[in-house]
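To start, the structure itself, in structure tokens.
All of the numbers you see were taken from the coordinates with simple rules; none came from a lab. Since the model is a prediction, treat every value here as computed from it, not as a measurement. Cβ placement follows ideal geometry from the backbone for every residue including glycine, while neighbour counts extend to all protein chains displayed.
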Amino acid sequence: MQNRTMEIGVGLFLLAGILALLLLALRVSGLSPTASTDTYKLYANFDNIAGLTVRAKVTMAGVTIGKVTAIDLDRDNYMARVTLQLEKAVDNLPVDSTASILTAGLLGEKYIGISVGGEDAILKDGGTIHDTQSSLVLEDLIGKFLLNTVSKDAK
Amino acid sequence: MSADNAYAVELKGVSFKRGTRSIFNNVDIRIPRGKVTGIMGPSGCGKTTLLRLMGMQLRPSSGEVWVNNQNLPSLSRSDLFDARKHMGVLFQSGALFTDLDVFENVAFPLRVHTELPEEMIRDIVLLKLQAVGLRGAIDLMPDELSGGMKRRVALARAIALDPQILMYDEPFVGQDPIAMGVLVRLIRLLNDALGITSIVVSHDLAETASIADYLYVVGDGQVLGQGTPEELMNADNPRIRQFMTGDPDGPVPFHFPASDYRTDLLGKR
Amino acid sequence: MRKISLMSRIGLFGRAGIDTVAVLGRSAVFLFHALLGRGGIGGGFGLLIKQLHSVGVMSLVIIVVSGIFIGMVLALQGFSILSSYGSEQAVGQMVALTLLRELGPVVTALLFAGRAGSALTAEIGNMKSTEQLSSLEMIGVDPLKYIIAPRLWAGFISLPVLAMIFSVVGIWGGSWVAVDWLGVYDGSYWANMQNSVTFSGDVINGIIKSIVFAFVVTWIAVFQGYDCEPTSEGISRATTKTVVYASLAVLGLDFILTALMFGDF
């Protein structure tokens, strides 16, 4: 009889563990059953990706459609080459779409926003987005502002 | 190179060191088969170590330990565990498994080494407990038993597999006269009834001498003397004499080595 | 006072060092014989269940209570710090990430070492001093298989489970404080959390940490019991050693694992 209660106790214990795992998977990390075959790859070259990290989200019109999977330096043209993994459901991006590095909120992390262009030709798996807007670096911004004020004064 | 059949256990040239301290130096001991042999000596001389060497719980630094025609130090770990089926050991404290009741304790070796059906196991356990006089305690837990009862249950467990050799580690320590009498009787009875070889390690002279057929006196890392109890009583060796007669001063001195008494008292510390 | 010369002090150091290496070696051989080699888990499944109960189930209370309290404190502190940046909404992800990556595995391992680890050491040490381990050997049962192995596996299985339960109740405790008490919007608590917590990155890495901790803590606990001096003083010393060594090992390994897993800067 003591054995029975012990076995039941252990069984419940393990069940609680499995339940915890499921909760962590679904409710806490928001895991959704999208297999990796439902995605395709695109590349984008930037002058400056300062602040962008791997696993940053890729959005269009504010909706998350993918994430950044790799950031490398292209040694031929000295630009940063970012690899984007996008959902297959969004496979109708025109070749002249723009990829910009934006900031979420004031303190926020950097993410990539894609806005559509007007061409008919569509970007396929492995294609490259050429129209890019780099990350806003604070020093450049201040420099531009100062330059503007100086040239205004000079007029 | 097998051992003589007349001897159940033979230690040949066995030495044992603990760290740098030599506990035994080139010891030869032969335990005759079918008899009760006592191993005695002053406290701390390593009698229990001898038992452990025989059961291979300790490995000798050199020499051979022959038990039932097998040289134990040469066996592999799994062969050694098999060889122990033929040995039963009664530990000083009984060493019952505290989370099992009396029945399960005695049944334990049977469950481990045999595939006997449950009814047979029950019969054997009842038999063994009857032999030690504790069949009525079959459902009790070890902490409900007195010290003497614990030892008897441990004895029943030790004979569960009908071993050929039974080793007793200080069985008489701290027992009241009745329990002592019971144990003494059991050791002799079991030895004769089951035809086994019994080895009793003890410093209890009277009890051991009363049941032993042969005695070894051990001290200072060697065998000081051997023989039947009568032979040893009349031995010439002064150390054996001191042990057998219980003389407080002799080869083992009363005073721990110290400097001169007078200078200690009168002088500065 | 005995005067110890410098040379003999160095000698003592050397001896201590060699002793430590010897202990490590002994514990490795010990582990090898307990886990591998013939015999599997002695005593079968039933014994494993019994150990899982005494090691895992009996630790549930302290783990759950600690988890709830720590989750609540995290939410409280996090809220006060984040509100100075105007980012109270991020408290959900803060609680979740802290628990999943660090506090879940580490605190659970430390509590486990204190509660279950010391109990294991004392139990095995007691069996050694009452000669039960010797009896097992003489009956022909390998105590490493029959006594040690079930306890090792019970620890390996229980600790990760307990760590997950700790994280879950901590996150829920945090939500009670944040949402019900401090007024963070329920949706943002969970939505921000889901956006920033990745299953493969955070949850799995946390589980890997707790598996590593489980291995180390249980191994130390069980070995200290097996290796102790078979006296009551020896047992209490061994119990202390278990808690101290296991805790230090957990914290040290945590640093190494964190650097490996999350240190891609």
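Brief remarks follow.
- Exposed trypsin sites (Lys or Arg not before Pro) absent - longest run of chain C, DSSP non-H/G/I/E/B, at most 13 other C-beta within 10 Å: C:39-265
- Angle between chain A longest axis and helix A:2-23 axis [Cα atoms, degrees, rounded to 10]: 10 degrees
- Burial ordering of B:E10, A:E7, fewest other beta-carbon atoms within 10 Å first: A:E7, B:E10
- Loop trypsin sites (Lys or Arg not before Pro), the range B:41-146, which have at most 12 other Cβ atoms in a 10 Å radius of their Cβ (DSSP): none
- Each residue of the range A:72-87 is assigned a 3J(HN,Hα), and the resulting list reads 10, 9, 7, 6, 7, 10, 6, 10, 7, 9, 9, 9, 10, 10, 10, 5 Hz, derived from the Karplus form 6.51 cos²θ - 1.76 cosθ + 1.60 (θ = phi - 60°), x at Gly and Pro.
- Under the combined filter of DSSP loop state and at most 10 neighbouring Cβ atoms within 10 Å, the range A:6-100 retains these trypsin sites (Lys or Arg not before Pro): A:R75.
- As a proxy for reagent exposure, ranking B:T114, C:T239 by other Cβ atoms within 10 Å from fewest up yields B:T114, C:T239.
- Evaluated on the range B:122-218, the Kirkwood hydrodynamic radius is 14.0 Å, with distances taken between all distinct Cα atoms.
- For chain B, the Rg and Dmax computed from alpha carbons only, in angstrom: 20.6, 78
- With Rh defined as the Kirkwood radius, the inverse of the mean 1/r over Cα pairs, the Rg/Rh of chain C is 1.08.
- Each listed q (0.15 Å⁻¹) maps to a log10 I(q)/I(0) for chain A, found by the Debye formula over equal Cα scatterers with no solvent: -0.87.
- B:G225 long-range amide H proximity, modeled H, under 5 Å: B:V217
- Convex hull of Cα atoms in the protein assembly as shown, direction-averaged projection (nm²): 51.2 nm²
- Debye log10 I(q)/I(0) at q = 0.13 Å⁻¹ for the range B:1-107, Cα point scatterers: -0.55
- In terms of surrounding Cβ atoms within a 10 Å radius of their Cβ, B:Y261, C:Y146 rank from fewest to most as B:Y261, C:Y146.
- Per-residue shielding of C:137-149, expressed as the average number of other chain Cβ atoms within 10 Å of the residue Cβ, stands at 5.
- Qualifying chymotrypsin sites (Phe, Trp or Tyr not before Pro) in the range A:48-155, where qualification requires a DSSP coil assignment and no more than 11 other C-beta atoms within 10 Å, comprise A:Y78.
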